[in-house]
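**Q** Quick one: the structure is below, questions incoming.
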Amino acid sequence: MAVDYGSLLLATVISGVCLSSTMIAFWFASRRDVFKLTWAIGILALVAHVVAYSFYSRNPQAFTGALMVALLPLGFAFIYCATRQFFAMPIRPRHVAVPMTVSLALSLPPLFAGLDGVAFIAQYAAATVLLVISGNLYFKNRSQAGPLLLMAALYYVAALSFGLCGIVLLANGEWIVNGVPDNWAERVNIVVAIIGMTGAGALSVALDQTRLAQHHRFEAVTDPLTGLLNRRGMILTVPDKALGSYAAIAIFDLDHFKQINDRHGHASGDEVLVRFANILEDGKRNRDIAIRLGGEEFALFMPRTDGENAASTVRRICAMLADEEFVGNGLYRCTVSAGIGFGDDRRPSVSDVLARADSALYAAKKAGRNRVEIEGNLRLAI
């Protein structure tokens, strides 16, 4: 005699409806996070499966059973799609159509033939596979955030509980159930479903908020045009600490940049800025930090260097820009002036070294531009 799981099934339905409503509300607040809507649709499909499951336990009709075995893989297919969207992966109709087609092909024929136990095994297998591949996505991306590993664990545990349900039916040879299965694995599965849905919903919200906070922080410290750190990013990455003898800062200023904007347009000016930012990234050492200070001014923080190496790096960067050819109202080239400031045994602060570099840059501009100046009046013409 099948057992009516009563309160457990009701708790599953209530938990699913609440989580779906929460996700839909979050999606309305931020329409760009489509994964929340997809996840909510998946959970609602699983809630509908539980309702059909409950009806089938009281009156095992073929139509109710067909609805039940169709809704389970549908729900988990949508959850898999939501997981892909969470990681900015594309989704295609096949991500729902393929698991649904395979699951229905394996479950509906035996169900209508009276072998509802075989239909249960097929739907449990489909749920297990979809949960495992969803969990794998979280596991592969676990380095992005700690909770992703916990999310993967929730999916794996849920997959195990569905897999056990199918294994128990296979082991007992229950090809005909005439209702719903009644065994320890089924009860464990319902409890795991409640815990898993609640935990996954809470973690999804927490992960999304963490990712949103990281995105805002990235925007706050990054120059939107060039992708380099901005002045705020420099302050956070290179705080105003003391610099010893083996650290240097270079400041670059594009020569006659206003004339480029006036003659060739601001779009061309932006192209020059972006190209020079790329040159900075290509020409610096791995440990160096490139910054856009604002306008046409850039900086390069060079830890663990000496005067000769720092000057060589800056000269190379300036020469790389001078070799570039730009297209505006005709072909044109652009040059850059640079000043280098150094730390020393008196351990000046970053702001002091920046001031030294700025003074050297002023000297380079005054001396005719398209050159590098080092503090202390050592001039290095390009």
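The values are calculated or read from the model by the stated rules, or taken from the named source; none is laboratory data. Quick caveat: nothing in here was measured; it's all calculated off a predicted structure. Here the Cβ is made from the backbone with ideal geometry for all residues, glycine too, and neighbour counts use every protein chain on show. In case anyone asks, the SASA skips ligands and DNA or RNA and just uses the protein heavy atoms, side chains included. Shrake-Rupley method; radii C 1.70, N 1.55, O 1.52, S 1.80 Å.
**Q** According to a simple spin-label model (label point 7 Å from Cα along Cα-to-Cβ), what is the distance in nm between Ser245 and Ala319?
**A** Simple spin-label model gives 2.8 nm for this pair.
**Q** Further, regarding this structure: Quick one: length gained pulling Asn178 to Leu150 fully straight, 0.36 nm per residue minus the C-alpha distance?
**A** Gain in length upon complete extension: 6.3 nm.
**Q** Still on this model: Lys pairs in the chain, Cα-Cα under 23 Å, at least 8 apart or on separate chains: how many?
**A** 5
**Q** Provide, for q = 0.17, 0.18, 0.35 Å⁻¹, the log10 of I(q)/I(0) from a solvent-free Debye sum over equal Cα point scatterers in region 31-70.
**A** -0.49, -0.52, -1.06
**Q** In terms of the Cα gyration tensor, with a ≥ b ≥ c the square roots of its eigenvalues, is region 1-110 rounded because a/c is under 1.5, prolate because a/b exceeds b/c, or oblate?
**A** oblate
**Q** Sorted by accessible area with a 1.4 angstrom probe, largest first, how do Ser54, Ser7, Ser107 fall?
**A** Largest accessible area first, the residues go Ser7, Ser54, Ser107.
**Q** Name the residue from Gly307, Val47, Gly117 whose Cα lies farthest towards the positive end of the charge dipole of the chain, charges +1 on Cβ of Lys and Arg and -1 on Cβ of Asp and Glu.
**A** Projecting each Cα onto the dipole axis, the largest value belongs to Gly307.
**Q** A follow-up question, please. Quick one: net charge of Val168's neighbours, Cβ under 9 Å, K/R +1, D/E -1?
**A** Taking every Cβ under 9 Å from that of Val168, the sum is -2.
**Q** Another question about this same structure. What figure, in Å² to the nearest 10, do you get for the accessible area of Trp175 with a 1.4 Å probe and non-protein molecules left out?
**A** Trp175 exposes around 120 Å² with every protein chain in place.
**Q** Provide the descending list of Cα extents for the chain along its principal axes, expressed in whole angstroms.
**A** Cα spread of the chain along its principal axes, largest to smallest: 96, 50, 33 Å.
**Q** Provide the per-residue ³J(HN,Hα) series for region 284-290, in order, calculated from phi with Karplus coefficients 6.51, -1.76, 1.60 and θ = phi - 60°, each as a whole number of Hz, with x at glycine and proline positions.
**A** Couplings: 7, 7, 4, 7, 6, 10, 9 Hz.
**Q** Please identify every one of the GluC sites (Glu not before Pro) in region 265-352 that sits in a loop by DSSP and has no more than 11 other beta carbons within 10 Å of its own beta carbon.
**A** Taking region 265-352 and a limit of 11 other Cβ atoms within 10 Å, the loop GluC sites (Glu not before Pro) found are Glu325.
**Q** Give me the mean projected area, in nm² to one decimal, of the convex hull enclosing the Cα positions of region 133-173.
**A** The Cα convex hull of region 133-173, projected and averaged over all directions, gives 2.7 nm².
**Q** Roll a 1.4 Å probe over the protein chains and send me the accessible area per residue for region 137-214 in Å².
**A** About 48 Å² of surface per residue is accessible.
**Q** Here is a further query. Per-residue ellipticity at 222 nm for the chain, helices alone: DSSP H runs ≥ 4 residues times -39500 (n - 2.57), over residue total, nearest 500 deg cm²/dmol?
**A** Counting only the DSSP helices, I get -22500 deg cm²/dmol.
**Q** For a label point 7 Å from the Cα of Leu170 along Cα→C-beta, name the residues of region 122-136 whose backbone N is under 19 Å from it.
**A** 122-133
**Q** Another question, then. On full extension of the chain, what length is gained from Ala213 through Val98, given 0.36 nm per residue of separation minus the C-alpha to C-alpha distance?
**A** 37.8 nm
**Q** Is region 85-146 best put as rounded, prolate or oblate by its Cα gyration tensor, with a ≥ b ≥ c the root eigenvalues, rounded for a/c under 1.5, and otherwise prolate when a/b is larger than b/c, oblate when not?
**A** Oblate, since a/c reaches 1.5 and b/c is not below a/b.
**Q** Sticking with this structure for a sec: Relative to the Cα centre, what is the charge dipole magnitude of region 153-295, using +1 at the beta carbon of each Lys and Arg, -1 at the beta carbon of each Asp and Glu, and rounding to the nearest 20 debye?
**A** With Lys and Arg at +1 and Asp and Glu at -1, about 480 debye.
**Q** Another question, then. Let a ≥ b ≥ c be the square roots of the eigenvalues of the Cα gyration tensor of region 153-260; is it rounded (a/c under 1.5), or, if not, prolate (a/b larger than b/c) or oblate?
**A** Taking the square roots of the gyration eigenvalues as a ≥ b ≥ c, region 153-260 is prolate.
**Q** Distance between Cα centroids, region 36-88 to region 190-265: provide it in whole Å.
**A** First find each Cα centre; the distance between them is then 39 Å.
**Q** Once the whole set of protein chains is in place, how much accessible area is left on Met234, using a 1.4 Å probe, in Å² to the nearest 10?
**A** Taking all protein chains as shown, Met234 has close to 10 Å².
**Q** State the percentage of accessible surface on the chain attributable to carbon and sulfur atoms; use a 1.4 Å probe and exclude ligands, DNA and RNA.
**A** The value for the chain is 61 percent carbon and sulfur by accessible area.
**Q** Only Lys, Arg, Asp and Glu count, each charged at its Cβ (+1, +1, -1, -1), so figure out the dipole size of the chain about its Cα centre, rounded to 20 debye.
**A** Once rounded to the nearest 20, the dipole reads 280 debye.
**Q** While we're on this one: Per-residue accessible area for Val177 at 1.4 Å probe radius, Å² rounded to 10?
**A** Looks like 30 Å² after rounding.
**Q** Can you compute the FRET efficiency between Ala220 and Ser7 using 1/(1 + (r/R0)^6), with r the Cβ-Cβ distance and R0 = 56 Å? Round to the nearest 0.05.
**A** 0.70
**Q** Further, regarding this structure: Sticking with the crude label model, points 7 Å out along Cα→Cβ, report the distance from Leu236 to Phe28 in nm, one decimal please.
**A** Output for this residue pair reads 3.3 nm.
**Q** With θ set to phi - 60° and the Karplus curve 6.51 cos²θ - 1.76 cosθ + 1.60, what are the ³J(HN,Hα) couplings of region 245-250 in order, to the nearest whole Hz, using x for Gly and Pro?
**A** Couplings: 5, 10, 9, 9, 10, 10 Hz.
**Q** May I pose another question? Sequence-distant or interchain residues sharing an amide H contact under 5 Å with Asn183, placed H: which?
**A** none
**Q** As a test of reading the structure, rank Lys366, Lys284 by solvent-accessible area (1.4 Å probe, protein chains only), most first.
**A** Lys366, Lys284
**Q** What helices does the chain have that are whole DSSP H segments, at least 15 Å long along their own axis by Cα, and with mean Kyte-Doolittle hydropathy of 1.6 or more?
**A** Membrane-span-like by this rule: 7-29, 147-172.
**Q** Another question, then. As a test of the definition: which semi-axes, in Å, follow for region 242-368 when you take the square root of five times each eigenvalue of its alpha carbon gyration tensor? Largest first, please.
**A** Its equivalent ellipsoid spans semi-axes of 28, 14, 12 Å.
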